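The block underneath contains the structure these notes are about, expressed in C-alpha cells.
Laboratory data are not the source of any read-out in this text; all were calculated from the coordinates shown. Quick caveat: nothing in here was measured; it's all calculated off a predicted structure. Neighbour counts are summed over all protein chains in view; Cβ atoms, including those assigned to glycine, are modelled from backbone coordinates with ideal geometry.
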Amino acid sequence: MKKFCFVLIILFIFATIAMIINMAKRPKPKVFIKTLKNGHYQLIVSNKPYLVKGVCYNPIPIGQNCEYDWWSDPDKPWLVDGKLMKDMGINTVRIYQAGDKPEKVRELIKDLYEKFAIRTILGHWIGFWEYPCPLYGEKDFQERIKKEVLDMVNLYKDEPGLLCWILGNENNYSCLGHINPWSTDEIDNQPDPQKQKNMRAEIYYSFINDLAKEIHKIDPSHPVALGNGELIMLDVAKQFAADVDLIACIIYRGKTFGNLFKSLKATFDKPLLISEFGADAYDAFNKKEYQEMQAFFLESQWRQIYENLANNKKGAGNCIGATIFEWTDEWWKHNPGDAESWKAHDTESSWSNGSYYFDIQAPKNMNMNEEWFGIVALSPDEKEFGLNKRIPRMVYYVLRDFWKNPNSKFQTPKLK
C-alpha cells in the first residue's frame, strides 16, 4: 500500500511539473493589459509597452457621404494615408465599424500593419444608429447585434495587425433619452425619470458585458473596450459591465481633459483609451481657418495624456493612449442628406462648446465645425494618386515633433 501511494505521489509531482512547463510554454496573449505594482496600467503588445498614438479613420472623398464604400476604392486611400501617418508617428487607426466585405477589411488591416507598422482598432456601433431607435431591451435585437459582433470577431481575430475591439461609441446617451432614445414597457411604467435612466443603463451595460464575455471566449488575444460618451453612467457600468478590459471615452473638453483620469479611477477603475477627441481648424467667430489654435489645443491635450501614462508621478497612471478625431476633414458632415453640399467645405457650425474658447463668441455661440476636424485637409482642386490631395495642417507637424520630444513646447497662439 505504501509503495502504491508513493507511486501516486510521484505521478502527481510529474503531472504538476508538466502542467507548469506547458503553462510556461503557452504564448501570452498578443495584446493585453498589464497592471503594475503601483496600480498603473500598460497596454502590452508583443511583450512590450504600447502607447496608442492614433487617429479615427474614415477617408471619405469630397463629394461623397458616410454611405461611400471607401474600403473598395481602387485607389486604396490607406496606402497614401499610411505613409503620411507613419512619417508623423501614428501607430494606430480606429475604425468605428468594419466594412461589409471581409476581404477588403483584411486587406486594409494587413497593408497598414505590414507596410507602415500601424495597428487597427475595430469597433461596432452596437446598433446605435438603427431606425427608429436601438431596441436594447428586446432579446431579438440583442441576438442580432450579438451575431454581428461575434461574426466580426471571428473574421478578424487572427489578423496580426489587430489591436483591440471597441463596443459602441456614445451609446450611453441613448440611456439618458438625449440621442436615439429607447424604452421598454417596464421602464415606461416607472414614474421616476432618474430610475428610468438607470434601468436603461443596466440593460445596456449588461448587454455589453455579455458581448465582452463572449468575445473573450473566442478571442483571448485582444482586449475589449467599452465605448462611452464622457464618464456618464460609468457608475452603473461598474456594476454591470465588469468584464470589459478598458474604457474607450469620447471627450471634448477643450485644451485639457480636466479631472478625467482621476475621476475614472474613482468611478470605474479600468485602463483608459481616449478614443475620440480633438479640435476643429475653423474659427467660427472670425470666419476663417485657424490652424494655430487647433495645433495648440491638440498638443495641450497630448501633454496631459503623457502626464497620465503609467509610471508618471504627475497623473493617475491609467491612460494607454488616444485616437484623435480625425485624420481627414469630412466635407459631407454638416448636411449629410444634401449631395450638393458634399462638394462644399461648409463653415456653418453644428454645435456649441465653451471649452473651445477662441471662437465661442460666434453667433449663438455655435463654434464647433464638424467638417474641419482633420489633421490633414483635402484639396478640392488637386488629385494625387487618384485621391483628393492630402494637405497636412500645422497640427500634423506639431504632434510629430511632440511625440519625438515630449519636453518641447508649442507657443500659445494669440486670440484673433
Burial order of peptide ranges 276-284, 104-112 (average beta-carbon count within 10 Å, highest first): 276-284, 104-112
Taking amide hydrogens as modeled 1.01 Å from N in the peptide plane, which residues meet the under 5 Å criterion relative to residue 377, leaving out close sequence neighbours? 391, 393
Fewest-first ordering of 75, 140 by Cβ atoms within 10 Å yields 140, 75
In whole Hz, what ³J(HN,Hα) sequence does the range 171-185 give by Karplus (6.51, -1.76, 1.60; θ = phi - 60°), x for Gly and Pro? 4, 4, 5, 5, 6, 7, x, 7, 10, 6, x, 9, 7, 9, 4
For labels at residue 38 and residue 414 in the simple 7 Å Cα→Cβ model, what's the distance in nm? 4.1
Among 199-210, 152-163, how do they line up from the highest to the lowest mean number of other beta-carbon atoms within 10 Å? 199-210, 152-163
Net charge around residue 229, counting only other residues with Cβ within less than 13 Å of its Cβ (Lys, Arg = +1; Asp, Glu = -1)? -2
Using only alpha carbon pairs under 8 Å that are at least six residues apart, calculate the relative contact order of the chain and give it in whole percent. 17
Quick one: of 86/389; 115/217; 333/364, which pairs are farther than 24 Å apart, Cα to Cα? 115/217
Among [x] 76, 44, 34; [y] 94, 56, 46; [z] 65, 45, 43, which is the computed Cα extents along the principal axes in Å? [y]
If you keep only loop residues by DSSP, which chymotrypsin sites (Phe, Trp or Tyr not before Pro) in the range 58-101 have at most 16 other Cβ atoms within 10 Å of their Cβ? 68
Zone of residue 262 (label point 7 Å along Cα→Cβ, backbone N under 18 Å): which residues in the range 209-246? 231
For a quick check: sort 390, 94, 253 by the number of other beta carbons within 10 angstrom, fewest at the front. 253, 390, 94
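Past the 21 Å Cα-Cα mark, which pairs from 48/238; 34/147; 262/313; 83/383; 104/157; 53/288?
In this structure, 48/238; 34/147; 53/288 lie more than 21 Å apart at Cα.
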What Kirkwood Rh does the range 148-305 have if only Cα atoms enter the pairwise 1/r average? Answer in Å. 17.5
Check residue 58: other-chain or 5+ apart residues with amide H under 5 Å from its amide H, H built from backbone geometry? 327, 328
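Can you tell me how much longer the chain between residue 107 and residue 194 gets when fully stretched, taken as 0.36 nm per residue apart minus their C-alpha distance, in nm with one decimal? Display every interim value, and only then the final one.
Working: separation 87, 0.36 × 87 = 31.32 nm, distance 4.61 nm.
Once the chain is fully extended between residue 107 and residue 194, it gains 26.7 nm.
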Enumerate the helices in the chain for which the Kyte-Doolittle hydropathy averages 0.5 or more and the C-alpha atoms extend at least 18 Å along the helix's axis, using complete DSSP H runs. 2-25
Net lengthening on full extension, residue 389/residue 361 (0.36 nm per residue, minus Cα-Cα): 6.8 nm
At a Cα cut-off below 16 Å, give the aspartates and glutamates reachable from residue 343, other chains included and same-chain residues fewer than 8 away excluded. 67, 329, 330, 370, 371, 381, 382
How would 32, 297, 116 line up from fewest to most surrounding beta-carbon atoms within 10 angstrom? 32, 116, 297
